[in-house]
1. Assigned by TED's automatic domain parsing to the domain that holds residue 160, on the phi < 0 side of the Ramachandran plot and not in a loop (DSSP other than H, G, I, E, B): is that true of residue 207 in this structure?
2. Within the bounds of segment 104-117, is there any residue that is surrounded by fewer than 18 Cβ atoms within 10 Å (Cβ to Cβ) and either within 14 Å of the ligand (Cβ to nearest atom) or within 21 Å of residue 399 (Cα to Cα) (or both)?
3. Looking only at segment 399-413, filter to residues that are open to solvent by less than 10 Å² (accessible area, probe 1.4 Å) and touching a helix residue (DSSP H, G or I) at 6+ places or on another chain (Cβ under 6 Å); which one of those is farthest from residue 86 (Cα to Cα)?
4. State the number of residues belonging to segment 383-407 that are more than 7 Å from the ligand (Cβ to nearest atom) and outside any loop (DSSP other than H, G, I, E, B).
5. Against the condition of a type in the set (A, V, I, L, M), more than 20 Å from residue 104 (Cβ to Cβ) and assigned to a strand (DSSP E or B), how does residue 354 come out, does it pass?
6. Suppose we keep only residues that are within 11 Å of residue 356 (Cα to Cα) and of a type in the set (Gly, Ala, Ser) within segment 264-285. Which one would you say is most open to solvent (accessible area, probe 1.4 Å)?
7. Of everything in segment 111-167 that's β-branched (Val, Ile, Thr) and part of a loop (DSSP other than H, G, I, E, B), which residue is farthest from residue 35 (Cα to Cα)?
8. Restricting to segment 49-90, what's the tally of residues that are closer than 29 Å to residue 120 by Cα, more than 10 Å from the ligand (Cβ to nearest atom) and open to solvent by 50 Å² or more (accessible area, probe 1.4 Å)?
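The values are calculated or read from the model by the stated rules, or taken from the named source; none is laboratory data. No experiment lies behind these values; they were computed from the predicted model shown. In this analysis, Cβ positions are derived from the backbone assuming ideal geometry, glycine residues included, and neighbour counts consider all displayed protein chains. Note: areas computed on protein heavy atoms with side chains; ligands, DNA, RNA excluded. Shrake-Rupley method; radii C 1.70, N 1.55, O 1.52, S 1.80 Å.
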Amino acid sequence: MAACRLCLPRFVAANTFMTSPELHPVVAIIGAGPAGLMAADVLSMQGFSVVVYDGMPSGGRKFLLAGRGGLNLTHSEPLDAFSRRYSGFDDTVPQWLDAMSPQALRTWADELGAATFVGTSGRVFPHEMKAAPLLRGWLARLRARGVEFRMRHRWQGFDANGGLCFLNAGDALTVKPRACLLALGGGSWSRLGSDGAWVDVLMAKGVEIAPLAPANCGFDVAWSAPFVEKWAGQPLKNIALSTASDGEFRAGECMLTATGIEGGGVYAWSGSLVKTCASQGQAKLFIDLLPDWSREKVLAALSVSRGARSWSSFLQSRLRLTGAKWGVLRECVTPEVMSSPIALTNAIKALPIALLRPRPMDEAISTSGGVMRQALDENLMLRAMPGMFCAGEMLDWDAPTGGYLLTAVMASGVVAGHGMARYLAS
Ligand SMILES: Cc1cc2nc3c(=O)[nH]c(=O)nc-3n(C[C@H](O)[C@H](O)[C@H](O)COP(=O)(O)OP(=O)(O)OC[C@H]3O[C@@H](n4cnc5c(N)ncnc54)[C@H](O)[C@@H]3O)c2cc1C
């Protein structure tokens, strides 16, 4: 029996391949995150015998972590606006929403006892603002339908016959299902189970893969030591952000950190900022510190004599520009800019922050890159490997935070689940 690519020495040494028939399920799903579980939902509902494998002691760990922030499941905006949030994958991600729309996702959560509500931002959350009750109900329903879970089964790759090789507590085993779904996640928060190790395995099989990169991530900024001491950990609220001083500014919030800047307002632009850092060595983020004030109004307020007042008390009294907003303005402009009303107005309405690099991928909310559209058919089956499907964050698409990630992850699980059912039926 041939051994897996990635674990040859261990497999040869262990020499403990197990090939008994009961280990060969009809359907194997590797990855018990939301994509894999959603495919298991679809297939088990149609009566298929499904075994879910995961390398961790329990599944859905990143889903549970997302629950710490309230579990932003989806967004309530109209479907055409919702669809425009996705990039990559040859712009075909919105087609998955035909299989599971944001509204269908809400209904699905409701059926599992986790009714949702629309927050003031339009984002959709379960009333309990956490993932654990939803995940518990979901796993219980899957088990009741006969889905089996094999945890602590780390997938290593393929043997020479296309069998799936796992390591379980030091024991090697190989299984050969009739169809398999890889739902292995991206490459961030590796301690929760998704580490992108699958990239090399699939590339060796000729699968086209775009390199994984941080998405929805923070950036490093060379703040001065006094700035870090005073302002690290402080939020910037009621601001707008852009990647160009004269470009579209989007309302948001962010957090000043010891190493730079992070938070939803930054994540919204992180896709293009990561690319600019890669191509130009650094990038600029522009912050409108007073989005509710027109440029003219700011200029008029600054065009009076400061007199003996300090800059901070002048800006506080004239513009109500205080706290971390004042701190970051002071950090990023020169004394010459401060003393010119026009230049200071420009800085307040589009403060340039020099971003050195994205924070490491492991810290990112999600990763871009992954299995490319052309490597898969419309059922998300690998063209190079019939019977082998992929779903979730491991595909080469991207979206901002706001519930768009989980919606597409789960919708892709539905698409793959139906695709596998059709494949098995044929
Ligand atoms: C802090 C944080 C907060 C987030 N909040 C939100 C939010 O509020 N809303 C939102 O839409 N999105 C959010 N996300 C993103 C969302 O959680 C992910 O996009 C989603 O979990 C990806 O689902 P997935 O099933 O594709 O992969 P994952 O959830 O990563 O699951 C993949 C599974 O595969 C297993 N696995 C990987 N490799 C192997 C292997 N070789 N062998 C066996 N098993 C393996 C892993 O153990 C894991 O269980 C958040 C992410 C983070 C990090």
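1. no
2. Scanning segment 104-117, I find at least one residue that is surrounded by fewer than 18 Cβ atoms within 10 Å (Cβ to Cβ) and either within 14 Å of the ligand (Cβ to nearest atom) or within 21 Å of residue 399 (Cα to Cα) (or both), so the answer is yes.
3. Looking at the filtered set, the residue picked out is 413.
4. Going through segment 383-407 one residue at a time, the tally reaches 6.
5. So residue 354 fits the description; yes.
6. 278
7. 120
8. Here the count works out to 7.
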